[in-house]
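See below for the structure under consideration.
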Amino acid sequence: MDAEIAGADIAGPGHQSNRPAAWRECPGQRLGADGAAGIVRPLAEEVPVGLTYNGLAHAVMMATPADLEDFATGFSVTEAIVPSAAAIRDLRVTHASGGITVDMRIPGDAFARLLARRRHLTGRTGCGVCGVEDLAAFDPAPPPVPVGGRVALSAVRAALDGLAARQVLNARVHMVHGAAWAGPDGALRLVREDVGRHNALDKLVGAGLRDGIAFDAGFGLITSRCSYEMVQKAAMAGLTVLVAISAPTARAVDMAHAAGLTLVALARHDAQIIFTHQGRIDTAA
């Protein structure tokens, strides 16, 4: 499945299209002990991406302009707007000078629930609960995750070792987040990247759902810290094991406990911390 790994066309300055590239070169002046020098640095692009449902504007997220079909699908499922990717009947991406719009057609019952929520988001690079009007509306509890299978610690280490080489955009700009899914053998099947950590995970979820991947038959990896929103999105997608390179928040650990999700964090090849539901990790293998 190597063709599925890279995901985005990370075309840059030479991109022959009217669509925004995932990165572009920006001039600057480097200051150092040896003085000042002009440089050109590749930087990740971020553009406003408007998500609309049945013509109704719902959210504007700042995102890397790549894999937007995956992003919109993943966002719709992890935010409980639709119960599954199959519920999105049509998805269209429209590029304009001021940004990008992704319009989705969803069933009437899902649209009615969306209207009832009255949740209008203005996201700052993948914001979590922006737009929730009061604490009473803040209910982040996801449904319990599937039982899933056990994951060998050796597979986790193999996936960690291979992740950097699969982050094609980050290899160029050294600044974007990554989210990946690995099979039970640790082989990376999907990798998605974005300036926003939530966006990267939504892109991964969307790509997997559109491709028919059973997320409980492997494990997810994220390169960022693991906040409660990341656990919530992982659980909504049906992941049973989530591995984070950085640390989790205490609320993320609480949510993982409640959802039945195995959370492994501060993960490196030679050391990891299993915070919840340790039984899914086979430390002898």
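Computed from the coordinates by the stated procedures, all read-outs in this text should not be read as laboratory data. None of the values given here were measured: they were computed from a predicted structure. Please note: Cβ atoms are built from the backbone with ideal geometry, for glycine as well, and neighbour counts cover all protein chains shown.
In the neighborhood of Ser154, defined by Cβ-to-Cβ distances under 11 Å, what is the net charge if each Lys or Arg adds +1 and each Asp or Glu adds -1?
Working: positive: Arg157; negative: Asp161, Asp185, Asp282.
Summing Lys and Arg as +1 and Asp and Glu as -1 gives -2.
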Completion exercise
Once both label points are put 7 Å beyond Cα along the C-beta direction, the Gln29-Asp109 separation in nm becomes 6.3
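Quick one: net charge around Asp109, please, counting Lys, Arg +1 and Asp, Glu -1 for every other residue with C-beta under 15 Å from its C-beta. Could you put the intermediate results ahead of the total?
Working: positive: Arg89, Arg105, Arg113, Arg117; negative: none.
Neighbourhood net charge equals +4.
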Problem - Net charge over other residues, Cβ less than 11 angstrom from the Cβ of Arg41 (K, R count +1; D, E count -1) - result: +2
Fill in the blank from the handout: Toy charge model, Lys and Arg Cβ at +1, Asp and Glu Cβ at -1: the chain dipole around Cα centroid in debye, rounded to 20, equals 220
Practice task
Place a +1 charge on the Cβ of each Lys and Arg in the stretch 151-282 and a -1 charge on the Cβ of each Asp and Glu, then give the dipole magnitude about the Cα centre in debye, rounded to the nearest 20.
Solution key: 240
Completion exercise
Of Asp67, Asp254, Asp34, the most mobile residue in a GNM of the chain (C-alpha springs, cutoff 10 Å) is Asp34
